[in-house]
Amino acid sequence: MKVVENQSLQGLNTFGVVAKTRYLTSLNGLDDLPQYAEWLSANDVPSLVLGGGSNLLFKNDFTGIVAKVDLAEKSLIDSDNDFYYVQAAGGENWHQFVRWTIDQGYAGLENLSLIPGTVGAAPIQNIGAYGVELVDVFESLQAFDLQTGEVREFSKEACQFAYRDSFFKSQAYGRYIILSVTFRLAKKTDWKLNYAGVKDQLEGEPTARAISDCIMAIRQSKLPDPAVIGNAGSFFKNPILDKSAWETLRAQNENLPGWEQPENTMKTSAAWLIDQAGWKGHREGDAGIYKNHALVLVNHANATGADLWGVAQQVIYSVQDKFGIELEPEPRVL
Ligand code: EPU
């Protein structure tokens, strides 16, 4: 494991903001993990484990060590009457992995096409799109515990998945490095086409490949490509309100979207609230809200993390003021 000092993070975050880290290393093999744990106990600095850098915003330089997970490998590890069990290493690119499963003839991940980031980052925030969440196809994961130096297996229950959340994003933030994830992909296909737009835009019979292609086209029409315009996907979580609070708000806003959730709650659309508050397409210098989707904070070229956070905060205040709802950022703001 090689540690280098004073490195730029600009190429390591999909916002493309200029920030530096005091130390940088890359974890290329399992042997690097105990070395990383030892390095951390010898040097008392914060640690940030990075996947694709697609779910964070650097407001400032990072004063600790950034470790980039470069573990690669994917294979079918088992199958039974009902399922294929497919395992992928934490550093695999998520979308390339999804397309690989489709090439192998396994279905189940197609709705999660084109989500930026890595396999190891996917469970941390329980990625989701178009009616499917990671939890729906998850079997187990293996993670390295930086505190004990041991490798631990996590079942679905142990991961405590929730909407864009898990044990790894809440209680255990920063403690584990996800080495590999095992997916349980059903042999009997059950296409999820009910999310707005998917059924209408699908051409021909549903297959994993056709759905993946369709979702890629929908995403490309709405969401900016981070290689062209810096962004981290949805910047805000969709708020979850008590049903009564949602009904009160709905009485004043007849088009307010709402999706039923467990325990008498409703999820509403952060994009709708931001759009209604007039922020879609807003730009201040190089920081702004994307013209085709109000949930996406964008760096048009040279915005700093502080510029982007400035726009995000104005959006939060404005939605709070207009609707009484406090939006929460989805990515980590560091
Ligand atoms: N809408 C607006 N204005 C906009 C965009 C959307 O009013 O500019 C309203 C519309 O009413 C639309 C509704 O918002 O029907 C929902 O929009 P969309 O289908 O684009 O989904 P979303 O709720 O905004 C979520 C995820 C996305 C995921 C899509 C599709 C979150 C925070 N975001 O967005 O995930 O791709 O659903 O399933 O849950 C991400 O997490 O980075 C991400 C892109």
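Where does the chain land at 222 nm, in deg cm²/dmol rounded to the nearest 500, when only DSSP H runs of n ≥ 4 count, each adding -39500 (n - 2.57), divided by all residues?
Numbers: 8 runs with 81 residues, N = 334.
-7000 deg cm²/dmol, from helical runs alone.
Take the solvent-accessible surface of the protein heavy atoms, probe 1.4 Å, and return the percent of it on the chain that carbon and sulfur atoms account for. Don't skip to the end; give the middle numbers.
Working: 6900 of 15780 Å².
It is 44 percent, rounded to a whole number.
In cubic angstrom, how much convex hull volume per residue do the alpha carbon atoms of segment 225-333 span?
Output value, Cα hull per residue: 100 Å³.
Please work out the ratio of the alpha-carbon Rg of the chain to 2.2 N^0.38 Å and round it to two decimals. Before the final figure, lay out the partial values.
Values: Rg = 20.2 Å, N = 334, 2.2 N^0.38 = 20.0 Å.
So the Cα radius of gyration is 1.01 times the expected 2.2 N^0.38 Å.
Of the options Tyr84, Gln171, Ala277, report the single residue whose Cα projects farthest towards the positive end of the charge dipole of the chain (beta-carbon charges: Lys, Arg +1; Asp, Glu -1).
Sorting the options by dipole projection puts first Ala277.
Put +1 on the Cβ of every Lys and Arg and -1 on every Asp and Glu Cβ in the chain; which of Tyr317, Ala37, Thr265 then has its Cα farthest towards the positive end of the dipole?
The one lying farthest along the dipole's positive direction is Tyr317.
Once you keep just the Cα pairs under 8 angstrom separated by 6 or more residues, what percentage relative contact order results for the chain?
Working: 686 pairs, mean separation 55.3, N = 334.
It comes to 17 percent, rounded to a whole number.
With all protein chains present, calculate the accessible area of Asp307 using a 1.4 Å probe and round the result to the nearest 10 Å².
80
At a Förster distance of 45 Å, what's the computed FRET efficiency of Asn81 paired with Leu334, Cβ-Cβ distance as r, to 0.05? Show your work: numbers first, answer last.
Working: r = 46 Å, r/R0 = 1.02.
Once rounded, the FRET efficiency stands at 0.45.
What does the convex hull of the Cα atoms come to per residue for segment 207-273, in Å³? Intermediate values should be presented prior to the final figure.
Values: hull volume 8.6 nm³, N = 67.
Normalising the Cα hull of segment 207-273 by residue number yields 129 Å³.
Which one of Ala227, Thr25, Ser113 has its Cα pushed farthest toward the positive end of the charge dipole of the chain, where Lys and Arg give +1 and Asp and Glu give -1 at the Cβ?
Ala227
Mind checking the alpha-carbon convex hull of segment 74-218 and giving the volume per residue in Å³? Show your work: numbers first, answer last.
Numbers: hull volume 15.0 nm³, N = 145.
Normalising the Cα hull of segment 74-218 by residue number yields 104 Å³.
Between segment 149-163 and segment 256-334, what's the alpha-carbon centroid distance in Å?
What the calculation gives is 30 Å, centre to centre.
If I take R0 = 56 Å and measure r between the Cβ atoms of Ser221 and Ser41 in this structure, what FRET efficiency does the formula 1/(1 + (r/R0)^6) give, to the nearest 0.05? All intermediate terms of the calculation are to be shown ahead of the outcome.
Values: r = 48 Å, r/R0 = 0.86.
In this case the efficiency is close to 0.70.
Considering all projection directions equally, how large on average is the shadow of the alpha-carbon convex hull of segment 3-69, in square nanometres? Working shown, then result.
Details: hull surface 16.8 nm².
Orientation-averaged projected area of the Cα hull: 4.2 nm².
How long is the gain from Glu263 to Asp31 if the chain were fully straight, where each residue apart is worth 0.36 nm and the alpha carbon distance is subtracted? Display every interim value, and only then the final one.
Numbers: separation 232, 0.36 × 232 = 83.52 nm, distance 4.50 nm.
Gain in length upon complete extension: 79.0 nm.
Any chance you could look up the accessible area of Ser8 with a 1.4 Å probe, heavy atoms only, rounded to 10 Å²?
Ser8 has an accessible surface of roughly 70 Å² with all protein chains in place.
Using alpha carbons only, what's the Rg to Rh ratio of segment 32-94 with Rh from Kirkwood? Before the final figure, lay out the partial values.
Details: Rg = 16.5 Å, Rh = 14.4 Å.
When Rh is taken as the Kirkwood radius, the ratio is 1.14.
Give the ranking of Trp272, Trp94 by solvent-accessible surface, highest area first, calculated with a 1.4 Å probe. Show your work: numbers first, answer last.
Working: Trp272 45, Trp94 0 Å².
Largest accessible area first, the residues go Trp272, Trp94.
The values are calculated or read from the model by the stated rules, or taken from the named source; none is laboratory data. It should be emphasised that the depicted structure is a prediction, and the values quoted were computed from it without experimental measurement. Because the Cβ atoms are built from the backbone with ideal geometry, glycine has one as well, and the counts that use them run over all protein chains shown. Ligands, DNA and RNA are stripped out before the accessible areas are found, and what is left, the full protein with its side chains, is counted by its heavy atoms. Shrake-Rupley method; radii C 1.70, N 1.55, O 1.52, S 1.80 Å.
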